[in-house]
Amino acid sequence: MHLQDGPQLDLSEKVAKVKAKTRPWKSIIALGFAIVAAVTSGWAHHDFSRYFDAQHVPNQIIAAGCAAAFCVFASIATYGLAGSARSVLERRTGPSHAAVVRYALLLVGGFTTLVITLLLFSIPVGQLVLGGALTSVFVGIAAQQALSNVFAGIVLLLAHPFRVGDAIRLRAGALGGSGQIEGRVTEIGITYVRLDSGGSIMSLPNSQVLNAIVGPAPPPPEET
């Protein structure tokens, strides 16, 4: 049995590599289908002014079907390309930067897909955008602290005041206690920085870390 494990593991690794290589092409093909579906829906929509009219029913069916196909293929392409970008960047910039890029691509791609789909279905986008903007304002006010942690996390990822594995010391009044925390960075996330303070893992909000004074932690005292 032990002799057969090696070839099976090699085969599974080869299959995983082949899937990783073909995944971007699937997303690109899906993006091509999405573009073709959008163009076809727009072409069929020229023959009628609005849906549910008694005239030009075949063109309405073609336009609606292609609009729905665009939404499906564009969503597949967005998800696949975002995942491929994360896989490529993760080897070069680390998992934190790759995660930020993936989230940004998903947000931009999802919003673009939604707007184009609504336009293809002749749904007025202006009122929805205005309503969404007002909703975003209220949500932003309610989630101000969470959003500040997210933007602070992006700044930390771009500025590189420290990296995963660095032993650092943070000094700020907002940290509580003595206003000083030491530890080794284990993760730089979107909302929290996690430090190993020697036996326990602490999760610090990114906004507080960004406002703190960052320096290297002193070496441990030598035992005599």
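A short reminder: the numbers here are calculations on the coordinates, not readings from a lab. Only a predicted model underlies this, so the values are computations on that prediction, with no experimental measurement involved. Ideal geometry is used to build each Cβ from the backbone, glycine not excepted, and the neighbour counts take in all protein chains shown.
Structure notes:
- Least to most buried among 106, 195 (fewest other Cβ within 10 Å first): 106, 195
- Amide H contacts of residue 193: 204, 206, each under 5 Å away and 5 or more positions distant or on a separate chain (H built 1.01 Å from N in the peptide plane; Pro and chain starts excluded).
- Cubic angstrom per residue, convex hull over Cα atoms of the range 162-216: 70 Å³
- 113, 191 arranged by Cβ crowding within 10 Å, fewest neighbours leading: 191, 113
- Taken along the Cα-to-beta-carbon direction at a fixed 7 Å, the label points for residue 194 and residue 91 span 2.5 nm.
- Cβ crowding within 10 Å ranks 210, 120 as 210, 120, fewest other Cβ atoms first.
- If R0 is 41 Å, the Cβ-Cβ spacing of residue 115 and residue 202 corresponds to a FRET efficiency of close to 0.45.
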